1. Quick check on my filter: what residues within segment 152-190 are more than 22 Å from ILE120 (Cα to Cα) and polar (S, T, N, Q)?
2. Name the residue that is least open to solvent (accessible area, probe 1.4 Å), counting only residues in segment 266-279 that are within 16 Å of LYS252 (Cβ to Cβ) and either touching an Asp or Glu at 6+ places or on another chain (Cβ under 7 Å) or assigned to a loop (DSSP other than H, G, I, E, B) (or both).
3. Give the residues of segment 204-222 that are under 15 Å from the mean Cα position of the chain (by Cα) and either more than 25 Å from GLY151 (Cβ to Cβ) or at pLDDT 90 or above (or both), sorted by residue number.
4. Only residues that are outside any loop (DSSP other than H, G, I, E, B), modelled with pLDDT under 90 and touching a Lys or Arg at 6+ places or on another chain (Cβ under 9 Å): list them for segment 108-155, please.
5. Quick one: which of GLY181, GLY200, GLY210 is touching a helix residue (DSSP H, G or I) at 6+ places or on another chain (Cβ under 9 Å) and either among the small types (Gly, Ala, Ser) or under 14 Å from VAL128 (Cβ atoms) (or both)?
6. Can you name the residue in segment 198-243 that is touching an Asp or Glu at 6+ places or on another chain (Cβ under 9 Å) and among the aliphatic types (A, V, I, L, M) and is also surrounded by the most Cβ atoms within 10 Å (Cβ to Cβ) among such residues?
7. Which residue, of GLY228, GLY239, is at positive phi and either among the aliphatic types (A, V, I, L, M) or in contact with a strand residue (DSSP E or B) (Cβ under 7 Å, 6 or more places away or on another chain) (or both)?
Amino acid sequence: WLNTFLGELDQAAACSQEMKETSTYLKNRASVLFGRPSFHGRHPQAAATSEASCFDACFKMVLGYPSVSNKTTVSTYYPEKKALGPLPPPRQWAELAPEKKGGIQVEVASHAKETPKGWINQDSAMAVLPAGCSENGDGALFLFGVFDGHGRLGHDASVLAATRMPGHLSNQPVHPAQNPGKALEGAFKNTDDDIFANMGSDVEYSGSTGVVVMLDQGKKLLTMANVGDSRVVLGRFDGSTWSAMPLTTDLKPDLPEERERIELTGGTVSQYRDECGVGGGP
């Protein structure tokens, strides 16, 4: 997310660049919805720019980027907006026959916090049967997800994520039932590319978190994938008591692994400070 550097950190950035290009950990661990690694090269017309992610800019704002005006910053390059190509359409939950749902009930509720007048609820949800997943062994393979947008155009980012993710899952080289983790990872990366390409510079201060659950009915298997602080919680009923069990870990900067990922991509984790230098937040 954080690809903007203060000018005084040039030496540290050079060291970070070397780490980025050689770190297998970074390449495998970096979450694309939570950060697009900047070791993909430079734009030919912008030697001092780096590629950004559709989920970039929110952290820049939350963590105090761009910083003080007398500091030199490296500008971020955003490409021209592009139209997105077609993807295999999933079947929406409401379209499925009751017997196809296998007794599963889906309810969607969004309770947005109080916001300034005119602010849009930026939550998007997904409950679908992806193309090519209708029959897998003894049952279908369903995909459920929640995407929580943030920033001025976060609602556009979350809608794109919810609508493009199922098609990309269907297009993965490996069938989701054979390797669900790898298929979801690929779908997340492709979805991030779509948002970045379609929104262009509009992603600078906008983005989305995301969490999805893939249910393989035949294997009775749940596979979760998440970026950011959207969370999956399993409700368990034992006798007469319900208990909640979190199934994902929130990816926040105070998580050591997430902080390491941010710093390896050239970012900084720090407390937000306003124009008067007053700190706010964690």
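The values are calculated or read from the model by the stated rules, or taken from the named source; none is laboratory data. Everything numeric here is computed off the predicted structure, so don't read it as measured data. Don't worry about glycine lacking a Cβ; one is built from the backbone with ideal geometry, like all the others, and counts go over all protein chains shown. What goes into the accessible areas is simple: the full protein's heavy atoms, side chains included, and nothing from ligands, DNA or RNA. Shrake-Rupley method; radii C 1.70, N 1.55, O 1.52, S 1.80 Å.
1. Within segment 152-190, SER170, ASN171, GLN172, GLN178, ASN179, ASN190 meet the criteria.
2. This residue is GLY267.
3. Scanning segment 204-222 gives SER206, GLY207, SER208, THR209, GLY210, VAL211, VAL212, VAL213.
4. Hits for segment 108-155 are ASN136, GLY139.
5. Numbers: GLY181 fails: touching a helix residue (DSSP H, G or I) at 6+ places or on another chain (Cβ under 9 Å); GLY200 fails: touching a helix residue (DSSP H, G or I) at 6+ places or on another chain (Cβ under 9 Å).
None of the other options fit; the residue is GLY210.
6. This residue is VAL203.
7. Only one candidate passes the filter, namely GLY228.
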